[in-house]
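K.L.:
Starting off with a structure, shown below.
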Amino acid sequence: MAIQSSEAIVLNRIPLGDTSLLVTVYARTLGKVKLVARGARRPKSRMASSLQPFCVITVSFNRRENRELQNLSKVEAGPFFRHIGEDLTKVGYASAVCELVNRLVLGEEPGEQLFGLIIRTLDAIDRLSAEACEVLFWRFQLEFADVYGTGPEFTSCVGCGRYPEEASVRFSPSLGGILCRDCQGQADQDGETMQLSLGTTRLLSRVRGMPLDHLPRLKAVRTSRQEIQRAIRAFYLYQMDDGRELKSLKFLESIETDGKENRR
Ligand SMILES: [Zn+2]
C-alpha cells in the first residue's frame, strides 16, 4: 500500500450504506478515482462539507492496486467556486462538465491536462455571466475530445482533406468530422450525418481558438447555435457506449422551458 495524495474535483457523490458516501473524483495526478468516505454522513463528520460538487479538494488514501474502490483517509478543502451555486444555469453547465468526465473517463490515467481543463472551465463558469455558459460548454467539449486526440474536425473534409467552400457541409458523428459535397454520398449510407453551414464551421473554429474570457463576446445566430448544439451532442452520444443523454442537459432544457413559460 502506498499513501497517495492529490488535488481533485468531485464528479459525483452517492450515499453508501447508512452513514458513508461513495465519492468519484477526478484527481490531478491519478485521473478518475472512486473513494469510500466512511462515516461522512454522520452529523458530526467534517468530511461531508468538503466533499461537495465544484470544490477543489486534496484527497489522501492508501492506494490498493487493482481495487475499484479506495478508502479515503483524509480530505482538505481548497478553493470553492462560490458563484456557481447562485445560478441554476451555472449549476447545470458545471454539472454537465463533471457528468461528461465521469461518463467518459473509465479509470486512473495521467490526469494533469484534463484536470487543468476542468478547473479552467469551472472557474470561467463561476466568473463569467450565465449567458456565457453555453459557449463555454461547447469549448470544454471540444477541448475534452482534443485531450484524447479524438477532437472533431470542422475545417477540412475527413474524406478527402479538402477545405470545403460550399455553403454547407455534412457533419458525421461517427467519422468525427465534416464531409464535403463529393464525399457525402458514400459516407452517409445510414443517414447519420447532419447539416452544418460554412458559417457554423467557422464559428466552431473560433470557439476552439479564442481565449476563454473572450468567448462571451462571440455572436452566434440561432441556426448556428442549434447546429452546434446538435453536432456536439451527437458526437458525444456516439462516444458513449450506452448512448444515454446527460442528465444535466435534460435539467438545463427543463429550466429553459420553465423560463419561457414564465415569460409568457
Ligand atoms: Zn471530401
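Nothing in this text is a laboratory measurement; each read-out follows from the coordinates by a stated rule. Here the structure is a predicted model, which means the values were calculated and not measured. With ideal geometry, Cβ positions are generated from the backbone for all residues, glycine too; neighbour counts draw on all protein chains shown.
K.L.:
Just how large is the dipole of the chain about the Cα centre, in debye to the nearest 20, putting +1 at every Lys and Arg Cβ and -1 at every Asp and Glu Cβ? Could the numbers behind the result be given before it?
P.N.:
Numbers: 37 positive and 33 negative charges, 183 e Å.
Computed about the Cα centre, the dipole is about 880 debye.
K.L.:
Determine the percent antiparallel among the DSSP beta bridges restricted to the chain, to the nearest 5. Can you show the working numbers first?
P.N.:
Details: 37 of 41 bridges.
Of the beta bridges lying entirely in the chain, close to 90 percent run antiparallel.
K.L.:
Alpha carbons only, please: Rg and Dmax for the chain, in angstrom.
P.N.:
Rg then Dmax for the chain, in Å: 20.3, 66.
K.L.:
What residues have an amide H closer than 5 Å to that of residue 70, excluding those fewer than 5 places away on the same chain, when H is modeled at 1.01 Å from N in the peptide plane?
P.N.:
So residue 70 has HN proximity to 34, 35, 36.
K.L.:
Something else now. Helix 222-239 versus the longest principal axis of the chain: what angle, 0 to 90°, nearest 10, using Cα atoms?
P.N.:
Taking Cα atoms only, the helix is inclined about 60 degrees.
K.L.:
Let me ask something additional. Please identify the GluC sites (Glu not before Pro) of segment 59-112 that satisfy two criteria: DSSP loop assignment and at most 13 other Cβ atoms within 10 Å. Which are they?
P.N.:
On the way: sites: 65, 68, 76, 86, 99, 108, 112; in loops: 65, 68.
The qualifying sites are 65, 68.
K.L.:
Can you check how the C-alpha radius of gyration of segment 32-184 compares to 2.2 N^0.38 Å, as a plain ratio? If you can, show how the numbers build up before the last one.
P.N.:
Numbers: Rg = 19.8 Å, N = 153, 2.2 N^0.38 = 14.9 Å.
My calculation over the Cα atoms of segment 32-184 gives 1.33.
K.L.:
Within the set 219/247; 44/90; 90/260; 44/250; 90/247, which residue pairs have Cα atoms separated by over 24 Å? If you can, show how the numbers build up before the last one.
P.N.:
Details: 219/247 27 Å; 44/90 30 Å; 90/260 18 Å; 44/250 35 Å; 90/247 15 Å.
In this structure, 219/247; 44/90; 44/250 exceed 24 Å between Cα atoms.
K.L.:
For the chain, what does -39500 (n - 2.57) per DSSP helix run (n ≥ 4), summed and divided by total residues, give at 222 nm, in deg cm²/dmol to the nearest 500? All intermediate terms of the calculation are to be shown ahead of the outcome.
P.N.:
On the way: 8 runs with 106 residues, N = 264.
Helix contribution divided over all residues of the chain: -13000 deg cm²/dmol.
K.L.:
How would you rank 236, 26, going from fewest to most other Cβ atoms within 10 Å of each one's own Cβ? Working shown, then result.
P.N.:
Values: 236 21, 26 24.
Going from sparsest to densest Cβ surroundings: 236, 26.
K.L.:
If you plug each phi of segment 96-104 into the Karplus form 6.51 cos²θ - 1.76 cosθ + 1.60 with θ = phi - 60°, what whole-Hz ³J(HN,Hα) values come out, in order, with x for Gly and Pro?
P.N.:
5, 4, 5, 5, 5, 5, 4, 6, 9
K.L.:
Also, I was wondering about something else. Tell me which GluC sites (Glu not before Pro) from segment 177-264 have a DSSP coil assignment and no more than 14 other beta carbons within 10 Å of their own.
P.N.:
Values: sites: 192, 227, 245, 253, 256, 261; in loops: 192, 245.
Those satisfying the criteria are 245.
K.L.:
Select from 77, 115, 254 the residue farthest towards the positive end of the dipole of the chain; place +1 on Cβ of Lys and Arg, -1 on Cβ of Asp and Glu, and compute about the Cα centre.
P.N.:
Ranked along the dipole, the leading option is 77.
K.L.:
A further question follows. So which cysteines in the chain don't have a second cysteine's C-beta under 4.7 Å from them?
P.N.:
Flagged as lacking a Cys partner: 55, 98, 133, 160, 183.
K.L.:
Continuing with the same structure: When all C-alpha to C-alpha distances in segment 210-251 are sorted into bins of 5 Å, what percent of pairs does each bin hold, rounded to whole numbers?
P.N.:
P(r) for segment 210-251, in whole percents per bin: 5, 18, 18, 21, 20, 12, 5, 0.
K.L.:
Still on this model: Looking at the square roots a ≥ b ≥ c of the eigenvalues of the Cα gyration tensor of segment 2-80, which shape do they give, rounded for a/c under 1.5, prolate if a/b is larger than b/c, or oblate? Don't jump to the answer; show the numbers that get you there.
P.N.:
On the way: a/c = 1.60, a/b = 1.15, b/c = 1.40.
Taking the square roots of the gyration eigenvalues as a ≥ b ≥ c, segment 2-80 is oblate.
K.L.:
Here's another thing I want to ask about it. To check my understanding: the extent here is largest minus smallest coordinate of the Cα atoms along each principal axis. What are those three numbers for segment 112-257, in Å, largest first?
P.N.:
On the principal axes, segment 112-257 reaches 45, 37, 33 Å in Cα extent.
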